[in-house]
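Please read the structure below before turning to the comments.
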Amino acid sequence: MHYVSSFKTVWFAALVAMVMAACGGGSGSSSPANASSGPAVTNTSPVPQVLAANVVRVSVDSGVSGVPNMPFVSVTVCAPGTTQCQTIDHVLVDTGSWGLRLFAAQLPPSMNLPQQKDGPGNLVAECMQFFDGYTWGPVKLADLQIAGEQAASLPIQVIDPSYAGLPSDCSNLGSPRNTPGALQANGVLGIGVFKHDCGANCVQQAVPATYYGCNGATCTSIALAEDLQVANPIPYFATDNNGSILSLPAVASGGAASLTGQLVFGIGSQSNNSLGNAQVIGVSPSNGTFTTVQNGATYSRSILDSGSTGLFFQSSALPVCASPNNAYYCPSTTQQLSATIEGVNGFTSAVSFNVGNATSMSQSDSGDAALPLLAGPAFVTSSIFDWGLPFFYGRNVYSAVEQQSTPGGTGPYVAY
């Protein structure tokens, strides 16, 4: 089950787009109903960077469709072993999922990426599940370059709604997110704490609406070995392959039109990625979660998720906005709150955070790409506290990959 995947938060992002449109914010965002075809995609070379080889620039800006609180990088993919390459910008940095997902339409027809095959020789495709929908397409092999790091013949999902015959158990998951407009990004770079996007769950048996073996237009649900699954690229780097640090500047409570930070690869592998005195929060080795206690409520399935556009948790102490903004909280004044984060390693950490009025933000800060006060109850259950991008502002947030050795111990863990 992919409930910890940040793809659910692309829906949250779409809700923000609807909030902006409903309140006349004029942010340039479009609702999912109008985004099915997606805006024109422009792939550009990344801005020249004077950065270390293990560092890539991260931008929080208006992005593909004007949705706030989305961190983006540029990535370069090549046909394995060749110089046939394409650089794609505005790829979402997602610490809550695992693997690279790009659109077939963004790759030149001349780029021939070989398709992944399972043991019996079936062509592999994937249905990636998230809260309100799915992405569909073949699993292909590509050489990935990001900053000075490279991963060769990495299994990625190439999102392509026209590929083969879409299985009904996939299409029944909800709305297709198979265009940049529907996904609100030109792709997703999943760099969370796991190596593969399904892991052991998919090895022993076919998991419905996940991996398929395709023969012509017919695709059948299959089990799939881990090394054939869509993969987090970090453990496949030659160096700096035990985790990452997402470093974003602090944002004033009123928001910011845009900001620039860094994604640093490796933990303790270079002089620029030491763990220092960061607080290490052990996470469940099966689903990557920890516990949050806030206002007497215990959220046993908490996550640190840069792909989430806000902080998402259920609380009776905060008033929900009136429709159509009822995915978010609308306190009359900004609320200064606190919580305790508890790792599976027994470590606890006190965290302070603020929650603002989403309707007011949609009216007064509609042009801002960074909104640190955005929070709501949308779609999470009573056991989930989703620490989304507002948590990351003003922090260095570490994600240590499972089974990889780091100065803070063997992953998986998060730290800040």
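Coordinate-derived values only; no laboratory data. From a predicted model like this one, the values you see are computed outputs, not experimental measurements. Cβ coordinates were reconstructed from backbone atoms using ideal geometry, including for glycine residues, and neighbour counts include every protein chain displayed.
Things to note:
- From the alpha carbon centroid of segment 238-275 to that of segment 370-408 is 13 Å.
- C-alpha long axis of helix 7-22 to longest principal axis of the chain, angle in °: 50 degrees
- Residue list for segment 253-274, given a label point 7 angstrom along the Cα-to-Cβ vector of Ser364 and an amide N cut-off under 14 Å: 253-256
- Computed from backbone phi with θ = phi - 60° and the Karplus coefficients 6.51, -1.76 and 1.60, the 3J(HN,Hα) list for segment 319-333 is x, 7, 4, 5, 4, x, 9, 6, 7, 10, 8, 9, x, 5, 9 Hz; x is used for glycine and proline.
- Considering segment 94-243, its Cα convex hull presents a mean projected area of 8.7 nm².
- Taking the square roots of five times each eigenvalue of the Cα gyration tensor of segment 44-150, the equivalent ellipsoid has semi-axes of 25, 20, 13 Å, listed largest first.
- Each residue, Val203 and Ala217, gets one label point 7 Å from its Cα in the Cβ direction; the gap between the two is 3.7 nm.
- Distance from the alpha carbon centroid of segment 45-102 to that of segment 278-324 works out to 26 angstrom.
- Annotation: amide H-H contacts under 5 Å for Gly99 (H modelled 1.01 Å from N, sequence separation of 5 or more, or interchain): Gly190, Ile191, Gly192, Asn232.
- Packing, taken as the mean count of other beta carbons within 10 Å per residue, orders the peptides 156-169, 297-310, 383-396 from highest to lowest as 297-310, 383-396, 156-169.
- Under a model in which nothing but the beta-carbon of Lys, Arg (+1) and Asp, Glu (-1) is charged, segment 273-415 shows a dipole of about 120 debye around its Cα centre.
- Square roots of 5 times each gyration tensor eigenvalue, C-alpha, segment 247-345, largest first, Å: 29, 21, 12
- Largest-first ellipsoid semi-axes for segment 165-301, taking √(5λ) over the Cα gyration tensor eigenvalues, angstrom: 32, 21, 19
- Spin-label pair Ser271/Phe347, simplified geometry with 7 Å Cα→Cβ offset, distance in nm: 2.5 nm
- Our helix-only sum for the chain, with -39,500 (n - 2.57) per DSSP H run of n ≥ 4 divided by its residues, gives a mean residue ellipticity at 222 nm of -2000 deg cm²/dmol.
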